[in-house]
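Laboratory data are not the source of any read-out in this text; all were calculated from the coordinates shown. Note that the structure is a prediction, hence the values are computed from the model and not measured. Cβ placement follows ideal geometry from the backbone for every residue including glycine, while neighbour counts extend to all protein chains displayed.
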Amino acid sequence: MFANPKVGEFITNTCQRCNRIVRSQLSLRSVRLTRTRLVVRDVPVDVCPQCGHMISIAPQGVEQLREAGWTK
C-alpha cells in the first residue's frame, strides 16, 4: 500500500464480503461511528468494485475519525 494514497488511486485488497482479491479504488464516503449517531463526511476509504462494500479506511481517514470523536 502507498504511504499516503490519494482519492481515485487503485489498491489491491481483499474484500471480506466477496471473499475475493479485488482492485479497490480509494473514494470519499460518509462513515458512521459505532455506538454513536455521529457521521463523518468525506472520509477516504477503499471500496470494492464488485459489491460496493467499504474494505478499509485510509490513514488520513483514521485521523479524521479521531478528531471527530474528540469533539463529541
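In Å and whole numbers, how far do the C-alpha atoms of the chain stretch along each principal axis, longest first?
Per principal axis, max minus min of the Cα coordinates gives 36, 25, 14 Å.
What list of ³J(HN,Hα) couplings, whole Hz, do you get for the range 48-63 from phi and the Karplus terms 6.51, -1.76, 1.60, once you set θ to phi - 60° and write x for glycine and proline?
Once θ is set to phi - 60°, the couplings for the range 48-63 become 5, x, 7, 10, x, 6, 6, 7, 8, 10, 5, x, 5, x, 4, 4 Hz.
Give, in nm to one decimal, the length gained when the segment between V62 and V39 is fully stretched (0.36 nm per residue of separation minus the Cα-Cα distance).
Length gained, V62 through V39: 6.9 nm.
What is the packing order of peptides 46-59, 4-17, taking the mean over residues of other C-beta atoms within 10 Å and listing the highest first?
The most tightly packed comes first, giving 46-59, 4-17.
Give, as a single signed number, the net charge of other residues whose beta carbon lies under 14 Å from the beta carbon of D42, with Lys and Arg counted +1 and Asp and Glu -1.
Working: positive: K6, R29, R32, R41; negative: E63, E67.
Value of the local net charge: +2.
Go through the cysteines of the chain and tell me which have no other cysteine Cβ under 4.7 Å away.
Cys with no partner Cβ under 4.7 Å: C51.
All other residues with a Cβ under 14 Å from the Cβ of C15 taken together, and with Lys, Arg as +1 and Asp, Glu as -1, what is their net charge?
Values: positive: R17, R20, R23; negative: D46.
Value of the local net charge: +2.
Find out how many positive minus negative residues lie around I55, taking Lys and Arg as positive, Asp and Glu as negative, among other residues whose Cβ is under 9 Å from that of I55. Don't jump to the answer; show the numbers that get you there.
Values: positive: R17; negative: D46.
Taking every other residue near I55 into account, the sum is 0.
With +1 on each Lys and Arg Cβ and -1 on each Asp and Glu Cβ, and nothing else charged, work out how big the dipole of the chain is about its Cα centre, in Debye to the nearest 20.
Working: 11 positive and 5 negative charges, 67 e Å.
Charge dipole of the chain: 320 debye, to the nearest 20.
Modelling each spin label as a point 7 Å along the Cα-to-Cβ direction, I'd like the R17/H53 distance in nm, to one decimal.
That separation, rounded to one decimal, is 0.7 nm.
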